[in-house]
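The block underneath contains the structure these notes are about, expressed in structure tokens.
Read-outs throughout are calculated quantities, based only on the coordinates presented, and are distinct from any laboratory measurement. For clarity, every value in this text was computed on a predicted model and none was experimentally measured. In this analysis, Cβ positions are derived from the backbone assuming ideal geometry, glycine residues included, and neighbour counts consider all displayed protein chains.
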Amino acid sequence: MLRRRTLVNLFLTSLLLFGLSGLASAGIDWSIKPITEFTMPAGNMLAQGDVQGALPLGWTPTYNWVTYSIDSENHLTGTGSVLFELQETARGRVYVDIGVDSNQKYKVGWITKIADLAPRENGGAIVWGVFFKDGNGAWINCTDALALLPEDYAKGMEPSGIVIRTPRTFEDGNPLSGTTGWFLVEITMDLPKLAKDFNAGGGVIRTLRFEQLFDSGTGKVWLDGMYVIPVK
Ligand SMILES: [Ca+2]
């Protein structure tokens, strides 16, 4: 009898906790998963995201750029991938801006692998970033917004000014370094929730920016199968 009552209490407690965490649910979710094959999702908003001889349309390389080329030997989609060769003294990034409907949820994803990746001391070597531009055309300061939100709101992403960065480790805690097989990174963003909780100008988010930043590490990084899709 005691056991049954304990179970009932546990059930009620978990219902309560579930209800509370539901109220403070994350506006952003993300995952990193090892994969061996990949099919581009339907409705991709990024033209040539499967990499067919060039960077996907709209991807812009900036900063003191690391070398990149199209690799026709290593890829999981189409005929090639983008290969970045990182050098200790170079810093580079590639980003794309996408116009979005603020009433939608979106998922951004890409597949990637690394070889001999050695981050600089206390550094990330690879950092994935997400930016939001509001209805007034201004970048939203995620740091200020996240300081007022529950700790789990961005699911472990670290705010840095106007950008939210994904962690520098895999979900099992292993650092993003060395040599790996292909893995899939996906970030889902609930724009109606984010626009409200980030107090977006005009009440809306009009533009998403996704960035891959390579900073002062050495090694190789491949990118393939990049996509953005609206999701329910
Ligand atoms: Ca490809």
Query raised in the report: Mind checking the alpha-carbon convex hull of the range 134-232 and giving the volume per residue in Å³?
Result: 136
Query raised in the report: Rounded to the nearest 500, what is the chain's calculated 222 nm mean residue ellipticity when only DSSP H runs of at least 4 contribute -39500 (n - 2.57) each, over all residues?
Result: -4500 deg cm²/dmol
Query - Counted charge near residue 109, where neighbours are those whose Cβ lies closer than 13 Å (Asp, Glu -1; Lys, Arg +1) - result: -2
Query raised in the report: Within the range 179-204, what residues put their amide N at less than 13 Å from the label point 7 Å along the Cα-to-Cβ vector of residue 151?
Result: none
Query raised in the report: How high is the FRET efficiency from residue 91 to residue 179, r the C-beta distance, R0 22 Å, rounded to 0.05?
Result: 0.50
**Report entry** Nonlocal Lys pairs with alpha-carbon distance under 16 Å, the range 50-197 (8 or more apart, or different chains)
**Finding:** 8
Query raised in the report: With +1 on each Lys and Arg Cβ and -1 on each Asp and Glu Cβ, how big is the dipole of the chain about its Cα centre, in debye rounded to the nearest 20?
Result: 840
Query raised in the report: Which angle between 0 and 90 degrees, to the nearest 10, do you get for helix 2-23 versus the longest principal axis of the chain when only C-alpha atoms count?
Result: 50
Requested in this report: Beyond 18 Å, what share of the Cα-Cα pairs of the range 83-134 is found? Please give it as a whole percent.
Outcome: 48
**Report entry** Over the chain: Kirkwood hydrodynamic radius from C-alpha pairwise inverse distances, Å
**Finding:** 19.0
Requested in this report: Could you work out the local net charge near residue 72, counting Lys and Arg as +1, Asp and Glu as -1, over the other residues with Cβ closer than 14 Å to its Cβ?
Outcome: -4
Query raised in the report: Residues with beta-carbon under 13 Å from that of residue 196, excluding residue 196: net charge, scoring Lys, Arg +1 and Asp, Glu -1?
Result: -2
Query raised in the report: By count of other Cβ within 10 Å, fewest leading, how are 134, 50 ordered?
Result: 134, 50
Report summary line: Cα pairs beyond 13 Å in the range 27-92, in percent, come to 72
Requested in this report: Check each of the GluC sites (Glu not before Pro) in the range 142-211 and keep only those in coil by DSSP with at most 13 other C-beta atoms within 10 angstrom; list them in order.
Outcome: 151, 171
